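Here's the structure we're looking at; comments come further down.
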Amino acid sequence: MKPRTIYRLVGKGIIFSLLVLINCKDPINLPGEGSIGILVIDGKVTTQPGPYYVRLGYTVGLSQKPSPILLATVFLVDDDTGLTEQYLESEPGVYSVPGSTIQGTAGHSYHVAVTLPNGKSYASKSEKIPDATGIDVSSYDFGTRSDFIGETEVQKNVINIYTDTQLPAGENDSYYLRWNVSETYVFEQTPIPNPLTGGIPRPCYVDGYSDPQRITLFTTQNQELQSLKHTLVAQRDLDYTFLARHYFTIYLSSTTLESYKYFKNVNELINRSGSIFDTPPAPIIGNVYSVTDSEEKVFGYFEATNTSLTRFFTLRGNIPVSLAPYCNDPSVGIYWPGYPKECHFCLGLSNSSDVPPNWWPTD
Amino acid sequence: MNVGFEFSRYGSDPEIVRPEGPDSGELPQKNERDTGREMSVYASDEFPVTEILSFTTGLRYTFYQNIGAANVYEYSDPSNRTAETITGSTSYSKGQVIKNYGGLEPRLSGRVSLNNSASIKFGYNRMRQYINLISNTTSPTPVDLWQVSNSYVPPQTGNNFSIGYFQNFKENKWETSFETFYRKSKDLVEYRDFATLLKTDHLETELLRANGRSYGAELFIRKVYGYWTGWLSYTYSRSLVKVPANDGAPTVNGGRWYPSNYDKPHNATLSASRKFGNKSAFSFNFIYTSGRPTSAISTSYLSDTAVTPVFTERNQQRIPDYIRLDLSLTIGSVFKKLDDDLTFAIYNIFARKNAYSVYYQRPGARPLPEAYRLSMIGTAVPSITYNVSF
């Protein structure tokens, strides 16, 4: 071996050893203090037909759902017409309004007014629905993504959902857009015949969000584009939910500048990359406030959006990877006791119903 | 009397963004950084008033110019600058003066000798600083940007006061001192919440003017000679900043005082050495420092579909304290005919993973970012050193 080669190897060894010593990264418990017991108001009104929802809760702890607030009085107010419509508590901490009196209308401004059982009053700042939104054409393909099991990195099969978007062509100088993707899939229960009727259990229709932590934003400010191509709006793991028909609904919301900034900040807090480009974090200021105590801190945002939607579905035959049976495995039969409990009672799944949504095809 | 003249020029390379290949999501970008020059004259003199009292005084005048080439944006509300409120811009050619600043910097220090082994020292000075360090300490490797004073960033000024008591014992075998200081500053540079410090050509929209105050006390004990030598120091100090809440302008932490990035209240060092024979010694060095302030996630809630982390207000938490103990043993005269010694040392004997930085990163598809510690030398490092003198 030439001396030069030896020097290089020794040099690389020293550099590698130094890197091992220097680049020591490990998880650390750094609990933040405070911000417990703070009111959260979150909701929206859109140009789509109701119902519209508002969630009320108090912050509890990290990664815990806010503690729901019951028996609150909540009104949706159209600031242009003066019309109001009262929300009703549909589940603990979740209030819904059918939208029969008020449906979001472009150009109108809205806010919510909330009174808690303790008499304290809160409201959101008025939000005006933009005059236009974009139009999406959706598409999808399949791929993989990285995930972690403990600290071990693994690859998971996913469906990628994209949109081609015709940008809004209204009277405003700038539009602020955000995409959400929700899903509804059919959950087939284990087909054990009912001993009395002989009937097979009905399937459930389960709702959820496909990629809830992904916040896709775009602004036409200082842009001369007419359209966007191939925007990734969701990435969803392939699992048993794709064994039957699985619908995706893509919502394109045209929002206010304030809402855009709020969700941009939310996005920056969630998707911290640990790089020099991370912005300094801070508590996010929303548009909800206490009417009775100007010093009280309140979290959340109530937005008014001009929203369009597109929808598509996949069938098991579209999925390019093998999916293991979930509730009906021919190798063990329908009476196998090891099936998950939802295989015998799918209404126990959260956000499930045995009645299909009204847009579900009747074929 | 000492008199003098100084000239300094401040500048930095432009920020350049180069896309990595045609598939990069980045656009090419070149953001020029501000340039400035500072001229100053000064004079200082010492005045022994009596045998026990003496003063040193000085006066310095500084004059600063922010110069081109630069493109300076104008805002509809200069006190609340955002990208949305840019109304226009003015271009300045290379060397063209954009903004002038200047002012006097007086200084005075005194010494009162109480006896041969005790004295009191005190001092005051005012300083102007035309270059500011903007440090984003929330990333793994803290991002330090240097921003010179310009149309929107005035020079920071500080008034410093200090007084200390110094006493030696046992024929100067022991030296002790107790000093206190107070510093009041204005026009410090802070960044707004969610500031974009990189890849921007209007950094002034991200910056806020702040007031500062620092104070503290240091106890110092040193043994100068004998078998055991070494020193012990303990400092308690605070460094606080406040971004005053003006009408409509953004502030930080509601306009209240909060710890600056440099606020480390406790700082203790014990360093000692025990001689053996002519050239051998055992030494240790112990360091304890409070962790610097940072922000941490305290809770979360849902924003539409997304679980939203709630970070504490700026600098309300601290990264773990810095603790380190180093040991060394030096054996002199290893070979009798040589003037040599052999040292065995262990750096960071506790193998403590002291945090160089603490930052947040979202692993995989987990909903929330998690805290990580980056430690520079997070293990015990043994070493052997052989010295020979010719």
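Read-outs throughout are calculated quantities, based only on the coordinates presented, and are distinct from any laboratory measurement. Since we're looking at a predicted model, the values are computed, not measured. Positions of Cβ are backbone-derived with ideal geometry, glycine not excepted, and every protein chain shown enters the neighbour counts.
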Inset, instruction - Ignore the peptide's own chain and count Cβ atoms of other chains within 10 Å of each Cβ in A:297-306; give me the average, rounded. - result: 2
Inset, instruction - Could you tell me whether the range A:39-128 comes out rounded, prolate or oblate from its Cα gyration tensor? Rule is a ≥ b ≥ c as square roots of the eigenvalues, rounded for a/c under 1.5, then prolate if a/b exceeds b/c, otherwise oblate. - result: prolate
Legend entry - Span from the the range A:66-129 Cα centroid across to the the range B:276-336 one, whole angstrom: 49 Å
Legend entry - For the range A:170-235 and the range B:197-250, distance of Cα centres in Å: 49 Å
Legend entry - Peptide A:176-184 - average C-beta neighbours from other chains (10 Å radius): 1
Legend entry - Zone residues, the range B:171-185, relative to B:Ser54, backbone N less than 11 Å from point 7 Å out along Cα-to-Cβ: none
Inset, instruction - Within the range A:240-260, find all residues whose amide N lies under 19 Å from a label point positioned 7 Å from the Cα of A:Ser353 along Cα-to-beta-carbon. - result: A:245-251
Inset, instruction - Once you have the Cα-Cα distance between A:Ile36 and A:Val332, take 0.36 nm times their residue separation minus that, and quote the gain in nm to one decimal. - result: 101.7 nm
Inset, instruction - Given a cut-off of 24 Å, name the pairs among A:Lys125/A:Lys264; A:Lys65/A:Lys120; B:Lys30/B:Lys94; A:Lys44/A:Lys229; B:Lys223/B:Lys353; B:Lys184/B:Lys223 whose C-alpha atoms lie farther apart than that in the structure shown. - result: A:Lys44/A:Lys229; B:Lys223/B:Lys353; B:Lys184/B:Lys223
Inset, instruction - With a point put 7 Å past each Cα toward its Cβ, work out how far A:Val60 is from A:Ser126 in nm, to one decimal. - result: 3.8 nm
Inset, instruction - Among A:Asn287, A:Ile334, A:Leu30, flag the residue with its Cα farthest along the positive direction of the charge dipole of chain A, charges on Cβ as +1 for Lys/Arg and -1 for Asp/Glu. - result: A:Leu30
Legend entry - Positive-end extreme of charge dipole, chain B - chosen from B:Gly291, B:Val307, B:Ile67 (charges on Cβ): B:Gly291
Legend entry - Separation in nanometres of the label points that stand 7 Å from Cα toward Cβ, at B:Val381 and B:Tyr182: 4.2 nm
Inset, instruction - Quick one: which residues, 5 or more positions from B:Lys99 or on another chain, have an amide H under 5 Å from its amide H? H modelled 1.01 Å from N in the peptide plane, none for Pro or chain starts. - result: B:Asn66
Inset, instruction - Would you grab the residues whose amide H sits under 5 Å from the one on A:Leu83? Only those 5+ places off in sequence or on another chain, please, with H modelled 1.01 Å from N. - result: A:Asp78
Inset, instruction - Enumerate the calculated ³J(HN,Hα) couplings along the range B:163-169 in order (Karplus 6.51 cos²θ - 1.76 cosθ + 1.60, θ = phi - 60°), each rounded to whole Hz, writing x wherever the residue is Gly or Pro. - result: 8, x, 10, 10, 9, 9, 10
Legend entry - Dipole in debye (nearest 20) - the range A:39-128, about Cα centre, beta carbon charges: Lys, Arg +1; Asp, Glu -1: 280 debye
Legend entry - For the range A:39-128, with +1 on Lys and Arg beta carbons and -1 on Asp and Glu, the positive-most of A:Thr59, A:Thr115, A:Gln48 along the dipole: A:Thr59
Legend entry - At R0 = 56 Å, FRET efficiency that the Cβ-Cβ distance of B:Asn115 and B:Ser79 yields, to 0.05: 0.50
Legend entry - Vicinal HN-Hα couplings computed from phi for the range A:99-107 (Karplus, 6.51 cos²θ - 1.76 cosθ + 1.60; Hz; Gly/Pro x): x, 6, 8, 10, 10, x, 10, 4, x
Legend entry - Rounded if a/c under 1.5, otherwise prolate or oblate - chain B, Cα gyration tensor axes: oblate
Legend entry - Dipole in debye (nearest 20) - chain B, about Cα centre, beta carbon charges: Lys, Arg +1; Asp, Glu -1: 1360 debye
Legend entry - Estimated dipole of chain A in Debye, rounded to 20 [Cβ of Lys and Arg +1, of Asp and Glu -1, Cα centre]: 1480 debye
Legend entry - Sites A:Asp141 and A:Ala113 - FRET efficiency at Förster radius 41 Å, r taken between beta-carbons, to 0.05: 0.35
Inset, instruction - Would you mind computing, in nm to one decimal, how far apart the modelled labels at B:Asp321 and B:Arg274 are, each placed 7 Å from Cα along Cα→Cβ? - result: 2.5 nm
Legend entry - Mean residue ellipticity (222 nm) of the protein assembly as shown, computed from DSSP H runs ≥ 4 via -39,500 (n - 2.57), nearest 500: -1500 deg cm²/dmol
